[in-house]
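Enquirer: Let me give you the structure first, and then I'll get to my questions.
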Amino acid sequence: MNNKYVIGIDYGTDSVRALVVNTHTGETAGTAVFEYPRWKAGKYCDPSVSRFRQHPLDYLEGLESSVTGALKDVSDEVRQNITGISIDTTGSTPVAVDRNGTPLSLLPEFAENPNGMFILWKDHTANAEAGEINALAHSWETDYTKYVGGIYSSEWFWAKILKTLRIDENVREKAFSWVEHCDWISAELTGNTDPLTLHRSRCAAGHKALWHSEYDGLPKEDFFVALDPLLAGMRDRLFSKTETSDKSMGTISASWAAKLGIPADVVIGVGAFDCHMGAVGALIEPYSLCKVIGTSTCDMLVAPNEEIGHLLINGICGQVDGSIVPGMLGMEAGQSGFGDIYAWFAKLITTPVRELLGEDAGRQLSEKLLPHLAKQAALLPVTENDIIAIDWWNGRRTPDANHTLKGAILDLNLASDSVRLFKALVEATAYGSRNIADRFRSEGVPINEVIAIGGVAKKSPFVMQTLSDVLNMPIKVASSDQACALGAAMFAAVASGVHPTLQEAQQAMNSGFDAEYHPRLEVVEVYEKLYEKYLKAGGFIEQETKAKRSTDLKTV
C-alpha cells in the first residue's frame, strides 16, 4: 500500500507554517513558513490601546505560500497521496462576515477598516464589554460563565463582537454573522463559507463563545438582548451545533486543489485552536499539563469526563468535552504574556541603540541580546532578596482573567542591572505558570507530569530550567519544533480516514521528546519563598487597580 500523507497548517500570531507528514511514520516530507506582511509592518494595530487586528489577505496569501512551499520539493507520489488537511489558528480571533461568509475587510468598502478584520486573540479593547457580560451572567438565572472558569474575558468572542457593534455603525449594518479564524479558513478551503452551514469548532465555541450542550448551544436570546439590544437576532445567525476536530469540514474545492496542486478529493478537517492541536502533537495524556510556550502560553489538560466532569473549575479558560481529545474533557488556562515580556525588555534596550548607532548595530544586538542575558542570568545565585516582577504586561488571563492589570518590577536598587532584571522577568513568568498549576490542584485536578512545546521551550534552556525549579516538577520538551502543525496533521489523518482514532494517529506520527529538565533541589526552597512574595505583591497591585477603577468610575 502506498504511504499516505497529510498537511497540518498552523496559524500563529506572526506567521503560518505548513507541514507535510507521512501518516504511517510521522516523517516530515516538506515544510514552509510565511510571515504575514501587513502584520509585520504593524498595520491596523495600536498597542497603546491594546488593539491588534489581522487582515484576511495575510491568511489567504499565507495559506497558498506555505502549502505550495512545503510541497515544492516533494515527489509526485507524495503529492498524489495527500488525503487530508487540518488547520489550527490563534483564538479567540473572530471576524465579521457578510451573508456569504466573506470577511468584511475583503469587501472594497472595508478594505482598510480594522473593525472588519480578524480581531486577534490578544486584542483587549473590549475590557468593558467583558465586565458587562460577567456582571449580567453572574446575576442571571443560569450563570453562562460557569463552564469557562466563572469569568468571561475580553480576549473572547462575545466581548469583541459587542465592542465592534457599538463603535462601528458600518460594520453593524453589514455584518450578517461572525466566524472564528479556525472555522473560516478551514471552510474557505472547502468553498463553503456560509455562516449558517459551515461546521463550527467545538474547541473554539466551547472555550470562547459560551457554547455548551447544557444550553442546547449558545445562551438564550433574552440573555443577549438584556446585554445589549444590538445583539438581538445574532444568536440565530451563528450556530447551535459544534464538531470535534476528528470530523470532516468537507472536501477541498476545485479552485483550491488546483491552486495548491493537490488531489481533488482531499478532506478538510474541522479546525481548532493552535494550542489544543499542539497538545495533541505533544502526546498529551490524562492529567498531563501541556504548556505551549511562546509569546504567551496556553496550558492544556485532559481528563476522563467520568472522573472530573462534575467539577466546575474556577478561574480557567474553560472546560469542554472533546475540545482537545475527542471523548475527554479538555481544560485550558494560560498567560497573556510570556515571550512577549522578554521581547519587550529586549526592545527597551535595543531601540536606543538603533536610533543612535544605526539599524545594523541594533539588529546585531537584538540577535545576541537575550541569549547573552540568559547565559549570564544562569550564573547568578537565587536568593530570598532577589528582584520580584509581576508578569501582567498584557494583563492576566488565568487564574481569574483580568486584563486591566499591569506588570510591575519591585525591590530595585543601584545594583540592579540588565541581567538581574531579565532573570526577574523570567522568574515572573514561571511564577505565573505556578499559579495556574496551583489553581488546577486546588480545584481537584491533579497534575501528573508537565510537557512543553513552542519556541521558548525549544530555544531557552535557562527559561525551562527556571520553570522546572519554580514548578518543582520535571518538564519534558517535545522533539518537534512544529508540534501544533504536527497535531493538526494527526487530526487530518483521522478526519480523512487514514487512522480510525486520534490515539492511533498519535502513536504512528509522534516525534517523541528530546529534552527533560529536573528541579534543582538547592533552589526549590528559595523559590517557594520568592513565589510567596510574588503572590503578595500581585495581590497588592490587583487591589490598587480595583480601587483606581472604582475611583475612575465615580469620577465619570
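Enquirer: Return the residue satisfying two criteria in turn: it lies in region 457-482 and is in contact with a Ser or Thr (Cβ under 8 Å, 6 or more places away or on another chain) and not in a loop (DSSP other than H, G, I, E, B), and of such residues it is surrounded by the fewest Cβ atoms within 10 Å (Cβ to Cβ).
Expert: So the first thing to find is which residues in region 457-482 are in contact with a Ser or Thr (Cβ under 8 Å, 6 or more places away or on another chain), and the list is 463, 467, 470-471, 474-475, 478-480, 482.
Next, from what is left, pick out any that are not in a loop (DSSP other than H, G, I, E, B): 463, 467, 470-471, 475, 478.
On the way: 463: 25, 467: 28, 470: 26, 471: 25, 475: 23, 478: 29.
Once the filter is applied, the top-ranked residue is 475.
Enquirer: Just the residues that are assigned to a loop (DSSP other than H, G, I, E, B) and among the charged types (D, E, K, R), please, taken from region 95-126. Walk me through how you get there before you give the answer.
Expert: If we filter region 95-126 for residues that are assigned to a loop (DSSP other than H, G, I, E, B), which is where we start, we get 98-102, 107, 111-113, 117, 120-126.
Once the filter is applied, which keeps residues that are assigned to a loop (DSSP other than H, G, I, E, B) and among the charged types (D, E, K, R), region 95-126 yields 98, 99, 112, 122, 123.
Enquirer: A further question on this structure: Have a look at 485, 452 and point out the one that is on the phi < 0 side of the Ramachandran plot, part of a helix (DSSP H, G or I) and either over 25 Å from the mean Cα position of the chain (by Cα) or touching a residue at least 60 places away in the same chain (Cβ under 8 Å) (or both).
Expert: 485
Enquirer: Another question, if that's okay. Could you identify the single residue in 436, 447 that is assigned to a helix (DSSP H, G or I), of a type outside the set (Gly, Ala, Ser) and under 30 Å from residue 145 (Cβ atoms)? First the steps, then the outcome.
Expert: Details: 447 fails: assigned to a helix (DSSP H, G or I).
436 is the lone residue from the list that is assigned to a helix (DSSP H, G or I), of a type outside the set (Gly, Ala, Ser) and under 30 Å from residue 145 (Cβ atoms).
Enquirer: Just to be sure I understand the filter: pairs with C-beta atoms under 6 Å, separated by 6 or more residues or on different chains, first member in region 196-208 and assigned by TED's automatic domain parsing to the domain that holds residue 235, second member assigned to a helix (DSSP H, G or I). Which pairs pass?
Expert: So the pair list comes out as 198/187; 200/183; 201/182; 201/183; 203/276; 204/182; 208/157.
Enquirer: If you don't mind, there's one more thing I want to ask. Would you mind finding the one in 187, 137 that is hydrophobic (A, V, I, L, M, F, W, C) and surrounded by 24 or more Cβ atoms within 10 Å (Cβ to Cβ)?
Expert: On the way: 137 fails: surrounded by 24 or more Cβ atoms within 10 Å (Cβ to Cβ).
Going through 187, 137 in turn, the sole match is 187.
Enquirer: With the condition kept exactly as written, say whether any residue in region 459-471 is at pLDDT 95 or above and either closer than 25 Å to residue 27 by Cα or in the same structural domain as residue 10 (by TED's automatic domain parsing) (or both).
Expert: Checking region 459-471: not a single residue is at pLDDT 95 or above and either closer than 25 Å to residue 27 by Cα or in the same structural domain as residue 10 (by TED's automatic domain parsing) (or both).
Enquirer: Of the conditions (1) more than 20 Å from the chain's Cα centre (by Cα); (2) in a loop (DSSP other than H, G, I, E, B), residue 92 clears all except one; give me its number.
Expert: Going through (1) more than 20 Å from the chain's Cα centre (by Cα); (2) in a loop (DSSP other than H, G, I, E, B) one by one, residue 92 breaks only (1).
Enquirer: May I ask you to verify whether residue 67 is part of a loop (DSSP other than H, G, I, E, B) and among the hydrophobic types (A, V, I, L, M, F, W, C)?
Expert: On the way: part of a loop (DSSP other than H, G, I, E, B): no; among the hydrophobic types (A, V, I, L, M, F, W, C): yes.
For residue 67, the condition - part of a loop (DSSP other than H, G, I, E, B) and among the hydrophobic types (A, V, I, L, M, F, W, C) - is not met.
Enquirer: Can you tell me which of 47, 108, 103 is modelled with pLDDT under 95 and either assigned by TED's automatic domain parsing to the domain that holds residue 193 or farther than 26 Å from residue 191 by Cβ (or both)?
Expert: On the way: 108 fails: modelled with pLDDT under 95; 103 fails: modelled with pLDDT under 95.
Criteria check complete, one pass: 47.
Enquirer: So, residue 353, is that one more than 20 Å from the chain's Cα centre (by Cα), surrounded by 17 or more Cβ atoms within 10 Å (Cβ to Cβ) and outside the structural domain of residue 504 (by TED's automatic domain parsing) or not? If you could, list the steps in order and put the result at the bottom.
Expert: Values: more than 20 Å from the chain's Cα centre (by Cα): yes; surrounded by 17 or more Cβ atoms within 10 Å (Cβ to Cβ): yes; outside the structural domain of residue 504 (by TED's automatic domain parsing): yes.
For residue 353, the condition - more than 20 Å from the chain's Cα centre (by Cα), surrounded by 17 or more Cβ atoms within 10 Å (Cβ to Cβ) and outside the structural domain of residue 504 (by TED's automatic domain parsing) - is met.
Enquirer: May I ask you to list the residues in region 72-115 that are surrounded by fewer than 18 Cβ atoms within 10 Å (Cβ to Cβ) and of a type in the set (A, V, I, L, M)?
Expert: Within region 72-115, 74, 106, 107, 111 qualify.
Enquirer: May I pose another question? Tell me, yes or no, whether region 519-531 has at least one residue that is at pLDDT 95 or above, touching a strand residue (DSSP E or B) at 6+ places or on another chain (Cβ under 6 Å) and on the phi < 0 side of the Ramachandran plot.
Expert: No, region 519-531 contains no residue that is at pLDDT 95 or above, touching a strand residue (DSSP E or B) at 6+ places or on another chain (Cβ under 6 Å) and on the phi < 0 side of the Ramachandran plot.
Enquirer: Pick from region 15-32 the residues that are without any contact (Cβ under 8 Å) to a residue 60 or more places away in the chain and under 18 Å from the mean Cα position of the chain (by Cα): which of them is nearest to residue 80 (Cα to Cα)?
Expert: The selected residue is 16.
Enquirer: Take residue 342 and decide whether it is more than 14 Å from the chain's Cα centre (by Cα), in contact (Cβ under 8 Å) with a residue 40 or more places away in the chain and crowded, with 18+ Cβ neighbours inside 10 Å.
Expert: Details: more than 14 Å from the chain's Cα centre (by Cα): yes; in contact (Cβ under 8 Å) with a residue 40 or more places away in the chain: yes; crowded, with 18+ Cβ neighbours inside 10 Å: yes.
For residue 342, the condition - more than 14 Å from the chain's Cα centre (by Cα), in contact (Cβ under 8 Å) with a residue 40 or more places away in the chain and crowded, with 18+ Cβ neighbours inside 10 Å - is met.
Enquirer: Could I ask something else about it? Could you grab the pairs with beta carbons closer than 6 Å, sequence gap of 6+ or different chains, first residue in region 227-250 and within 26 Å of residue 324 (Cα to Cα), second one assigned to a loop (DSSP other than H, G, I, E, B) and charged (D, E, K, R)?
Expert: Here the result reads 239/200; 242/200, each pair linking region 227-250 to a residue that is assigned to a loop (DSSP other than H, G, I, E, B) and charged (D, E, K, R).
Enquirer: Under 7 Å between Cβ atoms, which residue pairs at least 6 apart in sequence (or on different chains) link something in region 46-71 that is on the phi > 0 side of the Ramachandran plot with a partner that is assigned to a helix (DSSP H, G or I)?
Expert: none
Enquirer: If you don't mind, another one. Take region 97-120 and flag every residue that is more than 11 Å from residue 171 (Cβ to Cβ) and of a type in the set (Asp, Glu).
Expert: Within region 97-120, just 112 meets the criteria.
Enquirer: Let me ask another. Among (1) surrounded by fewer than 16 Cβ atoms within 10 Å (Cβ to Cβ); (2) over 21 Å from the mean Cα position of the chain (by Cα); (3) in contact (Cβ under 8 Å) with a residue 40 or more places away in the chain, which single condition is residue 406 missing?
Expert: Checking residue 406 against (1) surrounded by fewer than 16 Cβ atoms within 10 Å (Cβ to Cβ); (2) over 21 Å from the mean Cα position of the chain (by Cα); (3) in contact (Cβ under 8 Å) with a residue 40 or more places away in the chain, the one that fails is (2).
The values are calculated or read from the model by the stated rules, or taken from the named source; none is laboratory data. Quick caveat, the model's predicted, so the values are computed rather than measured. Every residue, glycine among them, receives a Cβ derived from its backbone with ideal geometry; neighbour counts consider all protein chains shown.
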